[in-house]
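What follows is a short report on a single structure.
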Amino acid sequence: MIRNPQAASDTRHARTGKDGALYNQAGVLMASVESFTSNVSWNNAKYSVMGDAQEHETTNTFAVTLTLSQVVIEDDAFFVELMESMETQEKPVWNFQGSLLGRNGSEERVSYYECVPSGQIDIQNLSVGDVIKRQWNLFVNRPPKLTSLLTVDR
């Protein structure tokens, strides 16, 4: 007996990377982006209470990061803004929208606000015999917003 009939019956709704996309604030597809990942990291505060030997945690802070790999085809506005920011010493701030398209036309869309460079970003990363890519690491300064949900027809 199958205990979870949904696991086998909904495989047709599984999504792959070709169903995802990353857009800029204006809704323009960033077509040269090969992959992107967003993560949230929770930082909890530990505490203990007199009379209780168990340690406890409560939510303290969280941090959201956005990492993307861009295939270098041409120098786009995104890269130009980064280079200009180092010259002017004014940090760039970007907004993005991540999208995952469902088989039934539904869409999971998450908006990322006030993204700033964080950590290492490739300016030029060259190796013989490989597609040239630029790795970006961004910190998201405002909570992401879920603007639409992926659904499944049953």
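The values are calculated or read from the model by the stated rules, or taken from the named source; none is laboratory data. All of these numbers come straight from a predicted model, not from anything done at the bench. Every residue, glycine among them, receives a Cβ derived from its backbone with ideal geometry; neighbour counts consider all protein chains shown.
Summed over the stretch 25-64, residues that are under 27 Å from Asp130 (Cα atoms), surrounded by 11 or more Cβ atoms within 10 Å (Cβ to Cβ) and in contact (Cβ under 8 Å) with a residue 24 or more places away in the chain total 7.
Return yes or no: is Asn141 surrounded by fewer than 16 Cβ atoms within 10 Å (Cβ to Cβ), touching an Asp or Glu at 6+ places or on another chain (Cβ under 6 Å), in a strand (DSSP E or B) and at pLDDT 95 or above? Against the criterion (surrounded by fewer than 16 Cβ atoms within 10 Å (Cβ to Cβ), touching an Asp or Glu at 6+ places or on another chain (Cβ under 6 Å), in a strand (DSSP E or B) and at pLDDT 95 or above), Asn141 qualifies. Being under 22 Å from the mean Cα position of the chain (by Cα) and closer than 30 Å to His13 by Cβ, is that true of even one residue in the stretch 83-92? The answer is no, given that none of the residues of the stretch 83-92 is under 22 Å from the mean Cα position of the chain (by Cα) and closer than 30 Å to His13 by Cβ. If only residues of the stretch 54-96 that are of a type in the set (A, V, I, L, M), assigned to a loop (DSSP other than H, G, I, E, B) and in contact with a strand residue (DSSP E or B) (Cβ under 6 Å, 6 or more places away or on another chain) are counted, the one that is modelled with the lowest pLDDT is Val72. Among the residues of the stretch 12-65, those that are within 29 Å of Phe96 (Cα to Cα) and hydroxyl-bearing (Ser, Thr, Tyr) comprise Thr16, Tyr23, Ser32, Ser35, Thr37, Ser38, Ser41, Thr59, Thr61, Thr65. Out of the residues in the stretch 144-154 that are more than 21 Å from Val33 (Cβ to Cβ) and exposed (fewer than 12 other Cβ atoms within 10 Å of the Cβ), state the one that is nearest to the chain's Cα centre (by Cα). Per the stated criteria, the residue is Leu149.
Selection of the stretch 94-128 for residues being without any contact (Cβ under 8 Å) to a residue 40 or more places away in the chain, surrounded by 13 or more Cβ atoms within 10 Å (Cβ to Cβ) and of a type in the set (Ser, Thr, Tyr) yields Ser111, Tyr113.
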